[in-house]
Amino acid sequence: MQFVVEIPNVRADFGLSVLKTLSFVKKATPVSKKENAIIEDLEISAKEVRSHRQGRIKLKTARELLDEL
């Protein structure tokens, strides 16, 4: 299982060193700004899909998206 832990920049070194000392943590590496932006975009997209499934919003069809191009 994977987790994303958000640590303030001023404590990043300490947080990373603590994670690396835990025996059950397999990998502890910082996420780049680009990767973080992708993760945030995916979270927004997932929220939109959930809202659409619950009937709160109406999403565009693939045809509507292609027509915009």
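The values are calculated or read from the model by the stated rules, or taken from the named source; none is laboratory data. These numbers were taken from a predicted model, which means no experiment stands behind them. Cβ sites come from the backbone with ideal geometry, for glycine too, and all protein chains shown count toward neighbours. Protein only, heavy atoms only, side chains kept; ligands, DNA and RNA dropped before computing areas. Shrake-Rupley method; radii C 1.70, N 1.55, O 1.52, S 1.80 Å.
So here's what we get for this one:
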quantity	calculated
In the range 2-12, the residues that are of a type outside the set (Phe, Trp, Tyr) and surrounded by fewer than 11 Cβ atoms within 10 Å (Cβ to Cβ)	GLN2, VAL4, VAL5, GLU6, PRO8, ASN9, VAL10, ARG11
Number of positions in the range 44-65 that are open to solvent by less than 100 Å² (accessible area, probe 1.4 Å) and either closer than 22 Å to MET1 by Cβ or of a type in the set (A, V, I, L, M, F, W, C) (or both)	8
Cβ-Cβ under 9 Å pairs, at least 6 apart or on other chains, the range 1-27 side closer than 21 Å to ALA37 by Cβ and without any contact (Cβ under 8 Å) to a residue 40 or more places away in the chain, far side open to solvent by 100 Å² or more (accessible area, probe 1.4 Å) and in a helix (DSSP H, G or I)	ILE7/PHE14
When residues of the range 24-42 are limited to those that are open to solvent by less than 100 Å² (accessible area, probe 1.4 Å) and in a helix (DSSP H, G or I), the one nearest to ARG11 (Cα to Cα)	ASN36
